[in-house]
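Below you'll find the structure, written out as structure tokens, and then a few comments.
The values are calculated or read from the model by the stated rules, or taken from the named source; none is laboratory data. Keep in mind the model is a prediction, meaning the values are calculated, not measured. Using ideal geometry, Cβ is built from the backbone for each residue, glycine included, and neighbour counts are taken over all protein chains shown. Just so you know, the surface numbers come from the protein's heavy atoms only, side chains and all, with ligands and any DNA or RNA stripped out. Shrake-Rupley method; radii C 1.70, N 1.55, O 1.52, S 1.80 Å.
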Amino acid sequence: MAQVEATTERVVAADAEKVFDALADYSGTRGRLLPEQFSEYEVREGGDGEGTLVHWRLQATSKRVRDCLLEVTEPTDGELVEKDRNSSMVTTWRVTPAGEGRSRVVVTSTWKGAGGIGGFFERTFAPKGLARIHDAVLARLATEVEQ
């Protein structure tokens, strides 16, 4: 099994603290940022960054649906890490200043991919599909915080 990785980034016209706070607000803002591939969104514990436990279903393709139960940590300033209890997927959100009133948001998801020919297709196509989903989240984030 090989590690699979999908990374997407965007520069947002808002201060890093405001952007990070929006991402960490699982009980409010975060649910509004999720595109149609997400369903059954539910905060089960916490709701603001570290210590949050959040559930959703992610429909990456018409046939592939993941039931995700994510534990949220904040290992360093400007960083949220979501570890899925139901799989090997880990998603890391990093928010850093990118000039006056601007921030760079980088989201990276990694997981242990399948072996064999199925794994080949997963490593080839899954990162692109997940990057499109992350890009939609980042576009909604920009709309939310740039007001």
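Among the residues of region 14-36, those identified as more than 18 Å from Pro75 (Cα to Cα) and either touching a Ser or Thr at 6+ places or on another chain (Cβ under 6 Å) or open to solvent by less than 50 Å² (accessible area, probe 1.4 Å) (or both) are Ala14, Gly28, Thr29, Arg30, Gly31, Leu33, Leu34, Pro35. Out of the residues in region 37-57 meeting the condition of being of a type in the set (D, E, K, R) and in a strand (DSSP E or B), tell me which one is surrounded by the most Cβ atoms within 10 Å (Cβ to Cβ). Looking at the filtered set, the residue picked out is Asp48. Of everything listed in (1) out of contact with any Asp or Glu (no Cβ under 7 Å at 6 or more places or on another chain); (2) in a helix (DSSP H, G or I), the single unmet condition for Ala22 is (1). When region 63-110 is filtered for residues that are touching a residue at least 24 places away in the same chain (Cβ under 8 Å) and in a loop (DSSP other than H, G, I, E, B), the ones remaining, listed by number, are Glu74, Gly78, Ser87, Ser88, Ala98, Gly101, Arg102. The condition (being closer than 26 Å to Ser103 by Cα and of a type in the set (Lys, Arg)) is satisfied by just one residue among Lys83, Lys63: Lys83. For region 1-13, enumerate the residues that are out of contact with any Phe, Trp or Tyr (no Cβ under 6 Å at 6 or more places or on another chain) and open to solvent by less than 10 Å² (accessible area, probe 1.4 Å). Result: Ala6, Val12. The set of residues from region 23-48 being within 21 Å of Leu130 (Cα to Cα), out of contact with any strand residue (DSSP E or B) (no Cβ under 7 Å at 6 or more places or on another chain) and not acidic (Asp, Glu) comprises Thr29, Arg30, Arg32, Leu33, Pro35. Of all the numbered requirements in (1) assigned to a helix (DSSP H, G or I); (2) farther than 15 Å from Ala142 by Cβ; (3) of a type outside the set (A, V, I, L, M), Arg30 misses one, and that requirement is (2).
Considering only region 58-76, state which residues are basic (Lys, Arg) and open to solvent by less than 80 Å² (accessible area, probe 1.4 Å).
Within region 58-76, Arg66 is the sole residue that qualifies.
Residues of region 128-147 that are in a helix (DSSP H, G or I) and open to solvent by 20 Å² or more (accessible area, probe 1.4 Å): Lys128, Ala131, Arg132, Asp135, Ala136, Ala139, Arg140, Thr143, Glu144.
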